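Written below as structure tokens is the structure these notes are about.
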Amino acid sequence: MSEFASGSLTGKNLHLSFGTNHVLRGIDLDVPTGTTASVIGPSGSGKSTLLRVMNRLIEPDQGDILLDGRSVLKDNPDELRQRIGMVFQQFNLFPHKTVVDNVSLALRKLRKLPAEQARAEALEQLDLVGLKHKADARPANLSGGQQQRVAIARALAMKPEVMFFDEATSALDPELVKGVLALMADLAKGGMTMVVVTHEMGFSRNVSDTVTFMDAGVVVESGPPEQIFTSPRTERLQGFLADVL
Amino acid sequence: MDALDQLIGSFFDWEAIAAVLPQMLTVGLRNTLILAIASGVLGCILGMVLAIMGTSRSTPLRWLSRIYTDVFRGVPAIVVILLIGIGLGPVVRELTGSTNPFPLAIFALTLMASAYIGEIFRSGIQSVEKGQLEASRALGFSYNSSMRLVVIPQGVRRVLPALVNQFITLIKDSSLIYLLGLLASQREIFRIGNDAAANTGNLSPLMAAAFMYLILTVPLTHLVNYIDNRLRTGRPEKQQPDDAAALIGKGAQP
């Protein structure tokens, strides 16, 4: 049983160009309810852009996005993004607000919860990531790992159906990576639908249900982690794995 | 030593200064502050509109803000005050029956201040990392809500020192209103000093005016330094011992 109200997410034939730069060239990605898809590949392959297209921070030129089997391209994009949580490489906490206000802001302004209830729910989320005692601190006074856990709590507070992680541990000091990865693994185990863009091959291999390897705007290879990591079929994936492992 | 006595006499004639001080404190100071504060507040409002237009995604709005800013930053204050004050004076008199030059003076000062303040706000807003807008939009906030709740509050905080500097300029520029002709009760610090200097043939009342301006502006200059310093080193906050330890070696963020 899932702890979350997760949904499935599907990207179909997604294309995106910036001028003459064809960043996404027909990407298909299917993430069934409650599963974790990791997306790996070299820098500049379009992984992060794919996430931003799937929650319509950037509108695709072509293709379709389905949430729970229904196309969301005609929906209000702001409402779509309320259903998809996102965690960034640089945390992007709001530095002018306290930790608890970072988490409760969307609850108050978008869910229209009264201040007290929003704070209570935010504290609950902070407790889940082990940072309730930092509620009234400023983000700048937290370590990178703590900041990223707050960012995860901020995204979870909106009760999203899908969570996106965009290289969530790349900016962390090595000793802080573990805690954040463990939290992400807990979410995956709890039944959250997740798309994880990552350079952490261990996480990709051990936690995700499917692995998608992207290069130059296309999906080169995709499948269960066992297949991707032990018997890569394409030369490009073999070369990439040889470089990173 | 006659030359020196003469020099001291024309700048520091204490009797002349004492004679002009009461007027300067009760009438001049009040009028200067009315002009500076009113045009400062209105300039901030109009400046924020210009900054939002200047950072918007609409090209016509950006152009409009650009042209306005270029015009009112590029023309001397004295020209704007004369053009507005004398040019629009008769129209205002006809419409309202009032000959008070203050509204038009405040209007002219506001037009110029907003051009500078708009640029100050715009630079502040644009200095906020792109990730802040992105994070806010990813939570589901619209562009407008994201700007209002996340980007603009951070941007404004960063430019507070520049904003105070602009207010200092307004205090000084408000002296130009004397060109529009003032009743005795409408005179501000400079005009009172200037009138007294003309009547006595002695510059000491103008020295008193200069001193009055310094009393207003020097504390503000130090306020700028204080804010600047606090923004750079982070606000003093009560901290748990482990928080204090976590800060060591980390660049505190404003």
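The values are calculated or read from the model by the stated rules, or taken from the named source; none is laboratory data. This is a predicted model, so every value here is computed, not measured. Glycine gets a Cβ as well: all are built from the backbone with ideal geometry, and neighbour counts include every protein chain shown. Remember, those area values only see protein heavy atoms, side chains included, never the ligands or the DNA or RNA. Shrake-Rupley method; radii C 1.70, N 1.55, O 1.52, S 1.80 Å.
Along segment A:140-148, what does the Karplus equation 6.51 cos²θ - 1.76 cosθ + 1.60 (θ = phi - 60°) give for ³J(HN,Hα), rounded to whole Hz, x for Gly and Pro?
5, 8, 9, 6, x, x, 5, 4, 5
Helix B:102-127 against the longest principal axis of chain B: what's the angle in degrees, Cα atoms only, rounded to the nearest 10?
Helix B:102-127 sits at roughly 30 degrees to that axis.
Report the equivalent ellipsoid semi-axes for segment A:18-62 in whole Å, largest first, defined as the square roots of five times the eigenvalues of the gyration tensor built from alpha carbon atoms.
The three semi-axes for segment A:18-62 are 20, 13, 9 Å.
Enter the mean number of other protein chain beta carbons within 10 Å of the beta carbon of each residue in B:123-133, as an integer.
The shielding value for this peptide is 2.
If a/c stays under 1.5 just call it rounded; otherwise compare a/b with b/c (prolate if a/b is bigger, oblate if not). Do that for chain B, with a ≥ b ≥ c from the square roots of the Cα gyration tensor eigenvalues.
Oblate, because a/c is 1.5 or more while a/b does not exceed b/c.
Quick check: at a probe of 1.4 Å, how many percent of the accessible area of segment B:91-148 sits on carbon and sulfur atoms?
56
Report the chymotrypsin sites (Phe, Trp or Tyr not before Pro) located in segment A:136-245 that are in a DSSP loop and have at most 10 other Cβ atoms inside 10 Å of their Cβ, or state none.
Answer by residue number: there is no such site.
Amide H neighbours of residue B:13 under 5 Å, at least 5 residues apart or on other chains, H built in the peptide plane: list them.
The answer is B:204.
What's the angle, to the nearest 10 degrees (0 to 90), between helix A:99-109's Cα axis and the longest principal axis of chain A?
Value to nearest ten degrees: 90.
Considering only DSSP beta bridges where both residues belong to chain A, give the percentage that are antiparallel (nearest 5).
If I count the DSSP bridges inside chain A, around 55 percent turn out antiparallel.
Which whole number of Å³ per residue matches the convex hull of the alpha-carbon atoms in segment A:169-245?
It is 101 Å³ per residue.
Apply the a/c threshold of 1.5 to the C-alpha gyration tensor of segment A:54-103 and tell me whether it is rounded, prolate or oblate.
It is prolate, given that a/c is not under 1.5 and a/b is the larger ratio.
Could you work out [θ]222 nm for chain A from helices alone, using -39500 (n - 2.57) per DSSP H run of at least four and dividing by all its residues? Round to the nearest 500 deg cm²/dmol.
Only helices count here, giving -11000 deg cm²/dmol.
Would you check the accessible area of residue B:116, probe 1.4 Å, heavy atoms only, in square angstrom rounded to 10?
Accessible area of residue B:116: about 90 Å².
Across the Cα atoms of segment A:24-133, what radius of gyration and what greatest pairwise Cα-Cα distance (Dmax) are found, in Å?
For segment A:24-133, the Cα-based Rg and Dmax read 16.6, 47 Å.
If you take each beta carbon of peptide A:129-142 and count the beta carbons of other chains within 10 angstrom, what is the mean?
Counting Cβ atoms of other protein chains within 10 Å of each residue's Cβ and averaging gives 3.
Rounding to the nearest 20 debye, state how big the charge dipole of chain A is about its Cα centre with +1 on each Lys and Arg Cβ and -1 on each Asp and Glu Cβ.
Dipole size: approximately 640 debye.
Which of the aspartates and glutamates could be linked to residue A:134 by a straight reach, that is with a Cα gap under 19 Å, when you skip same-chain ones fewer than 8 residues away?
Partners found: A:101, A:116, A:121, A:124, B:237, B:242, B:243.
Got a sec to turn the phi values of segment B:80-96 into Karplus ³J(HN,Hα) couplings, 6.51 cos²θ - 1.76 cosθ + 1.60 with θ = phi - 60°, whole Hz, x for Gly and Pro?
Values per residue, Gly and Pro as x: 5, 5, 5, 4, 6, x, 8, x, 8, x, x, 4, 5, 4, 5, 6, 10 Hz.
On the accessible surface of segment A:55-211, probed at 1.4 Å, how many percent belong to carbon and sulfur atoms?
46
So with the 1.4 Å probe, I'd like the accessible area per residue for the protein assembly as shown, rounded to whole Å².
47
Counting partner chain Cβ atoms within 10 Å of every residue's Cβ in A:93-99, what's the average?
5
Under 14 Å from the Cβ of residue A:161, count the other residues' Cβ atoms, weight Lys and Arg +1, Asp and Glu -1, and hand me the total.
Net charge in that neighbourhood comes out at 0.
Could you run the numbers on buried accessible area between B and A, total for both chains, 1.4 angstrom probe, in Å² to the nearest 100?
The summed interface area works out to 2300 Å².
Report the percentage of all Cα-Cα pairs in the protein assembly as shown whose separation exceeds 29 Å, rounded to a whole percent.
It works out to 62 percent of all Cα pairs.
Using only Cα atoms, find the angle between the long axis of helix A:235-244 and the longest principal axis of chain A, and express it within 0 to 90 degrees, rounded to the nearest 10.
40
What is the set of long-range amide H partners of residue A:23 at a cut-off below 5 Å, with H atoms built 1.01 Å from backbone N?
A:16, A:17, A:18
Show me the ranking of peptides B:67-74, A:182-189 by mean Cβ neighbours inside 10 Å, starting with the highest.
Answer by packing, highest mean first, reads A:182-189, B:67-74.
When 1/r is averaged over all different Cα pairs and the result inverted, which Kirkwood radius in Å belongs to segment A:71-201?
Its Kirkwood hydrodynamic radius stands at 14.9 Å.
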